[in-house]
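The values are calculated or read from the model by the stated rules, or taken from the named source; none is laboratory data. As the structure is a computational prediction, the values presented were derived from the model and not from experiment. Ideal geometry is used to build each Cβ from the backbone, glycine not excepted, and the neighbour counts take in all protein chains shown.
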Amino acid sequence: MSLKEVLVDELKDLYSAENQLVKALPKIVKACEDEELAESISSHLEETKGHVERLKQAFELLGKKAVAKHCNGMEGLLKEGKEAIEEDEDAPFGDLMITGAASRVEHYEIAGYSAVIAIAEGLGEDEVVQLLTETLEEEQAASEKLSAKAKELIAQAVAESEDDAVSEEDEEGEAAISKTSTASAKKPVRGRTKAA
């Protein structure tokens, strides 16, 4: 196998990964409760369609037909994302699970594009490098947005957990007061009765 064949093989894998994402992202957008997260993923869907087009161009530059080789890694990551959606957790917890799944997808893609760019550089395929570097930069930007959104969602989750803890303490305190007043109301009054 030649280095160019390795490059083409890796591109086929990425081509499959990006096409799987194009199909999966609309469902993920629908599952988001946080509007900003939904908009961010929706915007990345449009970028992903552009990634597919860039990969087609990369194949053309290499004199090859754009063909996908099923990407099992992306399939597994999207399966995890689907499981996160099916958990159907309330906000911000459900959105946080979606953000985690989406972050794993981005990191997978960043690793894939970084590897392919290195191979293309080794072959002196500068136009391919330039095309794929644009995509890599968009993947990195998407990853940073997801990290920032995850921090916001974590802060919301912490605040919500603290509110729940305070209201539980209040309920426990009220229950204890209620028990005490009920117990003292039932207690017989002890005292001496005067003999007639």
Kindly evaluate Gly94 against the criterion of being touching a residue at least 60 places away in the same chain (Cβ under 8 Å) and out of contact with any helix residue (DSSP H, G or I) (no Cβ under 6 Å at 6 or more places or on another chain). yes
From Ala91, Ala68, Ala38, which residue is assigned to a helix (DSSP H, G or I), surrounded by 15 or more Cβ atoms within 10 Å (Cβ to Cβ) and small (Gly, Ala, Ser)? Ala38
Any residue in the range 73-81 that is in a helix (DSSP H, G or I) and modelled with pLDDT under 95? yes
Residues of the range 102-116 being crowded, with 21+ Cβ neighbours inside 10 Å and of a type in the set (A, V, I, L, M), in sequence order, are Ala102, Val105, Val116
Under the condition of being of a type in the set (Asp, Glu) and within 30 Å of Tyr113 (Cβ to Cβ), which residue from the range 140-161 is surrounded by the most Cβ atoms within 10 Å (Cβ to Cβ)? Glu152
Single residue of the range 97-145 satisfying the filter (touching a Ser or Thr at 6+ places or on another chain (Cβ under 7 Å) and in contact (Cβ under 8 Å) with a residue 24 or more places away in the chain) that is farthest from Ala31 (Cα to Cα): Tyr113
